[in-house]
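The values are calculated or read from the model by the stated rules, or taken from the named source; none is laboratory data. What you see is a predicted model, and the numbers here were worked out from it, not measured in a lab. Cβ placement follows ideal geometry from the backbone for every residue including glycine, while neighbour counts extend to all protein chains displayed.
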Amino acid sequence: MDTKTRAFACPPKYIQGPGELKNLEMYTRDLGKAIFAIITPSFYDKLSRDLVAMYEKAGERVTCEKFGGETSMAELERLTALAAGKGYDVVVGIGGGKAMDAAKYVGIQIGAAIVTVPTIVSTDAPTSALTATYTESGEHAGSIYYKRNPDLVLVDSEIIAQSPVRLFVSGMGDALSTYFEAKAHVDSNTKNRVGDGYQTPLAAMALSELCYTRLMADGIQAKADVKAGRLTEAVENIIEVNTLLSGIGVESAGCAGAHSLNAGFSALPGCQNSTHGEIVAFGTLCQLVLEDWPRETIEEVLTFSSTLGLPITLAEIGLSPEDTPSLMQAAQKACTTKHIAAETVPTSPEILVEAVLRADGVGQAWKKA
């Protein structure tokens, strides 16, 4: 890296607590009085009525639009056309990662403030300065990066506590990689994702490490609580881990082997029933094996992942260790990603396949023990 400048990026405001969605107008009024809300289909009917009543009572304007379900360029352009030239000050995205990513795209295109309101916490989407795009058939088509993060991230923890357990756990799988990928960035002296890329600051590294320690402390209890429909301190902590701490780590530090392998695995037909976080969790184990982390750390990750039901073997993400062509295809794609440059050890498709097979062997042995 040819710069000694450090840089840190995050949303200007992050608010999390029970019932906070009811306060949306109170938070957006400082950003503007005309709102364009993109809402995930499963929440659209009820929320659109509630938002219209909320903003009409305040004497403000809101238009609600149902998200089409995929962040294809056609859908992003459709939403932008609906919002452009109408004087909207704020674009709000309510739903999963794709609905929020759509709101970010529209907000950037029309020059409006951006607010993300997650209804699940399975990825870093609420805080990130990007939109992940997909084809109409759901194949990942790349990401569009922005120079600013959402202006406000508003998390209603009551909604998250009632969300599907698998998606809540999937967010922990994604967050599991944060510390290890951040450390790879620092150790390899690789640029972070702020602007054109800078040194990772101490704050980002500290928050990435906190992301990991809180996962280990609260993750298993938080899953049990969400399964029982309870909103507890453990659940609140993991909500923050999955969104704020993991999100900051991704941008102010960066991704490495785990997300490189995710890019490769997720393109394979066999992995289509696995979530992003589930694949990243197995990718994290592969990264630890690749980098030859101490056995104690690997066993801690194995215990955590297996207890939560996150994958620790190839079979659990729909692949076979005997399917060498598919593994090589995934490894070749992983080696084309920019994330792989952050690795602290030599990499090649052959080296990655070897690490994946070793990780699978470790996982299989752990399950049999």
Quiz prompt | Residue match in the stretch 155-174 (condition: in contact with a Cys (Cβ under 9 Å, 6 or more places away or on another chain) and buried (at least 23 other Cβ atoms within 10 Å of the Cβ)) | solution = no
Exercise. Among what's in the stretch 337-369 and is within 30 Å of ARG193 (Cβ to Cβ) and without any contact (Cβ under 8 Å) to a residue 12 or more places away in the chain, pick the residue that is surrounded by the fewest Cβ atoms within 10 Å (Cβ to Cβ).
Key: PRO346
Quiz item: out of contact with any Cys (no Cβ under 7 Å at 6 or more places or on another chain) and under 14 Å from GLY363 (Cα atoms) - does that describe any residue in the stretch 318-330?
Solution: yes
Quiz item: What number of residues within the stretch 237-282 satisfy the criterion of being over 24 Å from SER157 (Cα atoms), part of a helix (DSSP H, G or I) and not aliphatic (A, V, I, L, M)?
Solution: 11
Quiz item: Could you list, in sequence order, the residues of the stretch 260-312 that are buried (at least 24 other Cβ atoms within 10 Å of the Cβ) and touching a Lys or Arg at 6+ places or on another chain (Cβ under 6 Å)?
Solution: GLY264
Practice problem: Restrict the check to the stretch 315-327 and report whether at least one residue is buried (at least 20 other Cβ atoms within 10 Å of the Cβ), within 20 Å of LYS183 (Cβ to Cβ), in the same structural domain as LYS223 (by the TED database) and in contact (Cβ under 8 Å) with a residue 24 or more places away in the chain. | Solution: no
Quiz item: Which fully enclosed helices (runs of 4 or more DSSP H) of the stretch 283-369 have 2 or more residues being within 21 Å of the chain's Cα centre (by Cα)?
Solution: 295-308, 324-334
Exercise. Can you confirm whether the stretch 103-114 contains a residue that is surrounded by fewer than 20 Cβ atoms within 10 Å (Cβ to Cβ) and part of a loop (DSSP other than H, G, I, E, B)?
Key: yes
Practice problem: Filter the stretch 222-236 for residues that are part of a loop (DSSP other than H, G, I, E, B) and not hydrophobic (A, V, I, L, M, F, W, C) and give the result. | Solution: GLY229, ARG230, THR232
Quiz item: How many residues are within 24 Å of the chain's Cα centre (by Cα) and within 22 Å of LYS98 (Cα to Cα) when one looks only at the stretch 18-47?
Solution: 14
Quiz item: Taking the stated definitions as given, is LEU244 out of contact with any Leu (no Cβ under 9 Å at 6 or more places or on another chain) and crowded, with 17+ Cβ neighbours inside 10 Å?
Solution: no
